[in-house]
Each structure stands twice: as structure tokens, then as C-alpha cells.
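The values are calculated or read from the model by the stated rules, or taken from the named source; none is laboratory data. Because the structure is predicted, anything quoted here is derived from the model rather than measured. Cβ sites come from the backbone with ideal geometry, for glycine too, and all protein chains shown count toward neighbours. Surface accessibility is based on the protein's heavy atoms, side chains included, excluding ligands, DNA and RNA. Shrake-Rupley method; radii C 1.70, N 1.55, O 1.52, S 1.80 Å.
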Amino acid sequence: MTTTAVAFDQVSKAYGEVRAVDGLTLSLHPGQTVALLGPNGAGKSTTLDLLLGLKQADSGSVRLFGTSPREAIVAGRVGAMLQSGGLMDEVTVAEIVGLACDLHPKPYKASDVLARAGITQIADRKVNKLSGGQAQRVRFALATAGDSDLIVLDEPTTGMDVTTRQAFWATMREQADQGRTVLFATHYLEEADAVADRVLVLHRGRLLADGTAAEIKAKAGARRISFDLYETDIDETALRALPFLARLDVSGTTVRIQSSDADATVHALYGLGLYPRNLEVAGLGLEQAFVAITEAEEARTS
């Protein structure tokens, strides 16, 4: 048995002049929960489509468990929950979940799948009568209808309320603890920070960063400084001249700064004769780090 769940080797895919995926190389392993991040147009959806065999690479290779995506999917080793593609109308939740179980090479009991997805209470409801969050839970049920080794999720919690999202990720952690690989693309960076043990950042089809959430934050190389000033002390021109300044945001009397050398920036702040109140210095959150990394790459390539 191979210990590699997913292997991309110098994979590229273009649409006309646009390179959606550009020489992508990465490996995912069993038991990992991996977040795929990137701004719009970064190549996340194309990467998932290539992984699932929905699109073919122009060059390079994609392997799942040592075989082609098609072979892995036919063998029941992959479950997927995608944004695109609708659910069948005029059938009940129980019927569509039952069908998914019947078609899976290694199916679970439909009643267990309904319970795991939290949709037992709506099993008799027609699919076209579901709310957005309920439809997402049905898609999750379809992705986990059988004993798959890799679960691929594209924006899985869109439309879910907070309680449902928490229950969803608790279930996903259980899947990873059982040795399955969980790969999810999301715009909710707080989810990636809380759930993923590995974070991949795509930008223009290339892998810009790969590591734990803590490593991604450290890669940004900046810290957050926030404080309050009296209105008479706010001189944005002077603040923008502070050393090692990466970002400045002034909202009312509250100032937020990103700095590549927080000690030097704070020292210079006092040197301006200012006396900041409620001064806080902290590392970047994953969202701020993500923005800093992608903006630095934009500046480098522009």
C-alpha cells in the first residue's frame, strides 16, 4: 500500500492565455486535514477538478493512492462534496442518500449516513425544498456514503449556521483520526486556522506556501500593532513614515499597523511624542498572514 494519498507532479492546466494551474507539485498523506486557500482565480477549483478527474492536465501527472483519479474513484476510495452540480429534484433526502449508498463499492448504512450528516429529521423532505445549509449537509452525506480514504470538500460550510458548522468539523476531525485524508477549499480562514493541520496557499496556480497554520503566519514575517490615540494626535502622514511599516489602518481613534519589526516601530511611535493607549502587539492571524503573503507575491511579480 502506498502511503501517499494524493500526488501532483509538475501539473499545469491552462485556459487559453490563463494558466489556472502552473507546475503544481505536492503530496498529501493519510490522516491529514489539509486546507486549500487562495484568492479568487488562484486555481483552487481547477486543482480539485484535476484531482477528481473532472479535467485533464495539459502536462504533469495526478495520482491518487498510486493510481489514476478515475481508478481511485471507481474503487470507492474518494468521496467529494463540490459547489458545482445540483442535487436531483423531486426526490427525498432519504432516497438520494440511499442511492449514493447503493452505488458505493464500500457503502455505509443509509440511516448511519443520515445521522452523521445531521439530516435524519429531514429525510422525508424533497431535495428542492431544502435550505442552503440543509442542501450542504445532504452533499456532505453523499460524499461520506461509503468507506472512502480521501474526502474532498469545496467550500463545505457555505450556508451553514455556526452550530452546524461546528458539528460538521467535529465529524471531519473524526474522519481524519480514522486515517482518512480530508482536503477542503474554503474562504473561511478561521476554519482553516482551527481545523487544518496543514495549509496550502495557491496564487495564480502556483503553490505559494505550505505548512501548518503557525508556519504560514510566521512566513508572513510581520506582527500586528494596535492602539488608541487622542483625535488631536492622529497624523496619518507621520504614522505612514514609521519604520518597517507594512500596513496602516486608522478607524476613528484606533490605529492598526502591520510591521516587519514591531519593536522598532513602537520605539519610533514614542519618538513621535505620541502616547498610545491600549497598546497591543501580537502575531498575525491566518487571515492577515494570507493577505500579506499574497500581496507580497503580487508586488514581486507586477
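On inspection, A94 does not qualify as small (G, A, S) and either within 25 Å of the chain's Cα centre (by Cα) or under 19 Å from D149 (Cβ atoms) (or both). Listed by first and then second residue, the pairs with beta-carbon distance under 7 Å, at least 6 apart or on different chains, first residue in the stretch 279-292 and closer than 18 Å to T265 by Cα and among the charged types (D, E, K, R), second modelled with pLDDT of 85 or more and assigned to a helix (DSSP H, G or I), form an empty list. Close contacts from the stretch 235-259, counting a first residue that is within 13 Å of P276 (Cβ to Cβ) and a second that is open to solvent by less than 50 Å² (accessible area, probe 1.4 Å) and hydroxyl-bearing (S, T, Y), with Cβ to Cβ under 6 Å and a gap of 6+ residues or different chains, come to L242/T265; R256/S226. Residue count for the stretch 252-280 under the criterion of being open to solvent by less than 70 Å² (accessible area, probe 1.4 Å), closer than 11 Å to R223 by Cα and either of a type outside the set (G, A, S) or touching a Cys at 6+ places or on another chain (Cβ under 8 Å) (or both): the result is 4. Taken over the stretch 21-35, the criterion of being surrounded by 22 or more Cβ atoms within 10 Å (Cβ to Cβ) and farther than 16 Å from D197 by Cα is satisfied by V21, L24.
For S59, the conditions (1) at pLDDT below 95; (2) within 30 Å of I216 (Cα to Cα); (3) open to solvent by 50 Å² or more (accessible area, probe 1.4 Å); (4) of a type in the set (G, A, S) are fulfilled apart from (1). Are any of the residues in the stretch 150-159 open to solvent by 30 Å² or more (accessible area, probe 1.4 Å), over 23 Å from P30 (Cα atoms) and not in a strand (DSSP E or B)? The answer is yes, given that some residue of the stretch 150-159 is open to solvent by 30 Å² or more (accessible area, probe 1.4 Å), over 23 Å from P30 (Cα atoms) and not in a strand (DSSP E or B).
Within the stretch 97-121, the residues that satisfy the criterion of being crowded, with 20+ Cβ neighbours inside 10 Å and among the β-branched types (V, I, T) are V97, V113, I119. Close Cβ contacts (under 8 Å, 6 or more residues apart or on different chains) running from residues in the stretch 199-212 that are free of Cβ contacts under 8 Å to residues at least 60 places away in the same chain to residues that are in a strand (DSSP E or B) comprise G211/R198; G211/V199; T212/R198; T212/V199. Among the residues examined, F140 qualifies as touching a strand residue (DSSP E or B) at 6+ places or on another chain (Cβ under 6 Å), in contact (Cβ under 8 Å) with a residue 12 or more places away in the chain, open to solvent by less than 60 Å² (accessible area, probe 1.4 Å) and outside any strand (DSSP E or B).
Take the stretch 62-86 and flag every residue that is β-branched (V, I, T) and open to solvent by 50 Å² or more (accessible area, probe 1.4 Å). Reasoning before the result, please.
So the first thing to find is which residues in the stretch 62-86 are β-branched (V, I, T), and the list is 62, 67, 73-74, 78.
Those that are β-branched (V, I, T) and open to solvent by 50 Å² or more (accessible area, probe 1.4 Å): I73, V74.
Among residues of the stretch 65-84 that are within 17 Å of L103 (Cβ to Cβ) and modelled with pLDDT under 95, those with a Cβ under 7 angstrom from a residue that is open to solvent by less than 30 Å² (accessible area, probe 1.4 Å) and of a type in the set (D, E, K, R), sequence gap 6+ or separate chain, pair up as M81/D154; L82/D154.
Of the residues making up the stretch 13-60, those that are under 21 Å from the mean Cα position of the chain (by Cα), in contact (Cβ under 8 Å) with a residue 24 or more places away in the chain and under 22 Å from E71 (Cα atoms) number 17. Applying the selection to the stretch 175-187, what residues are in contact with a helix residue (DSSP H, G or I) (Cβ under 9 Å, 6 or more places away or on another chain), farther than 13 Å from A5 by Cβ and either of a type in the set (A, V, I, L, M) or surrounded by fewer than 18 Cβ atoms within 10 Å (Cβ to Cβ) (or both)? Passing the criteria: only A185.
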